Amino acid sequence: MRGVGRWVTREQALVPHRPAWPARPNVFQVATLAGLGWLVLVCSALPLTFGMRAHLLASHGTLLLLGTGAIAVLGIGIVYRFGPKLMQALGARAVVPGVVAAFFAFLGGQWQGPIADHFFAGPYDRFEREYADDCLAASPYRRDAVQERVEDRVLTVTPVSGGTTLRLGPAEDGGTHPLRPVDRATRAVLDQYGC
């Protein structure tokens with residue numbers, strides 16, 4: 001009991017003081033809060049952006065919305081906990097955390113779409129990345145010398161100059177699986193070009 005009595009009167013000295021939210025924030029503090037809020041908003045949009053590019057909104061919409069909500073609540077909690085400390089600098093220095101947060105929010109907003117498109121590309125983009133820009137670049141199957149179409153989850157690539165038609169699958173929008181040959185003739189052509 002004596003040990004507890006020693007700490008009872010000294011709580012304020014032992015627990016570090018956490019700054020309170022300003023009663024009347026100045027324009028710099030408001031700018032910092034706006035930058036932090038923008039960063040939370042951009043981070044909250046990540047599950048929806050990736051879900052849209054992967055065509056999962058219809059099938060997993062509830063899960064994506066729960067993820068968005070969880071990120072938003074977590075971000076708001078972090079801003080609520082650390083916001084006053086970030087805004088306590090005097091004068092224009094109080095805006096520095098907001099500018100940094102706004103910078104990262106801008107980058108995140110600009111990059112999340114292209115990054116999601118890279119990972120969840122359509123069949124034409126995947127053919128270009130996996131074959132046309134690589135092993136088939138100097139062949140009659142290069143991107144500007146073929147006609148492509150998708151039927152029944154199979155990408156059909158026909159060279160304009162004639163030759164064997166490539167059949168690759170699974171050809172689906174938002175897919176993550178690499179395109180593989182569906183028949184022996186396609187496998188023989190890919191082996192011929194070292195794919």
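Here's a check for you: in region 173-187, which residue that is of a type in the set (Lys, Arg) and outside any strand (DSSP E or B) is nearest to GLU128 (Cα to Cα)?
Step by step, filter region 173-187, then rank; the result is ARG187.
For region 32-63, name all the residues that are open to solvent by less than 30 Å² (accessible area, probe 1.4 Å) and of a type in the set (Gly, Ala, Ser).
The answer is GLY35, SER44, GLY51, ALA54, GLY61.
Quick check on region 105-121. Is at least one of its residues touching a residue at least 12 places away in the same chain (Cβ under 8 Å), among the small types (Gly, Ala, Ser) and open to solvent by 40 Å² or more (accessible area, probe 1.4 Å)?
no
Starting from region 16-35, keep only residues that are assigned to a loop (DSSP other than H, G, I, E, B), then list their pairs with residues that are of a type outside the set (A, V, I, L, M, F, W, C) and open to solvent by 80 Å² or more (accessible area, probe 1.4 Å) whose Cβ atoms are within a distance under 9 Å, requiring at least 6 positions of separation or different chains.
Note: pairs meeting the criteria are ARG18/ARG81; ARG18/LYS85; PRO19/LYS85; PRO19/GLN88; TRP21/TYR80; PRO22/GLN88.
Step by step: first the residues of region 125-161, then only those that are in contact with a Pro (Cβ under 8 Å, 6 or more places away or on another chain) and assigned to a helix (DSSP H, G or I), then the one that is farthest from ARG180 (Cα to Cα). Which residue is that?
So, considering only residues that are in contact with a Pro (Cβ under 8 Å, 6 or more places away or on another chain) and assigned to a helix (DSSP H, G or I), the one farthest from ARG180 (Cα to Cα) is ALA145.
The values are calculated or read from the model by the stated rules, or taken from the named source; none is laboratory data. What you are looking at is a predicted structure, and each value in this text was computed from that prediction instead of being measured. No Cβ is skipped: glycine too gets one built from the backbone with ideal geometry, and neighbour counts run over all protein chains shown. Side chains included, ligands, DNA and RNA excluded: accessible areas come from the protein's heavy atoms. Shrake-Rupley method; radii C 1.70, N 1.55, O 1.52, S 1.80 Å.
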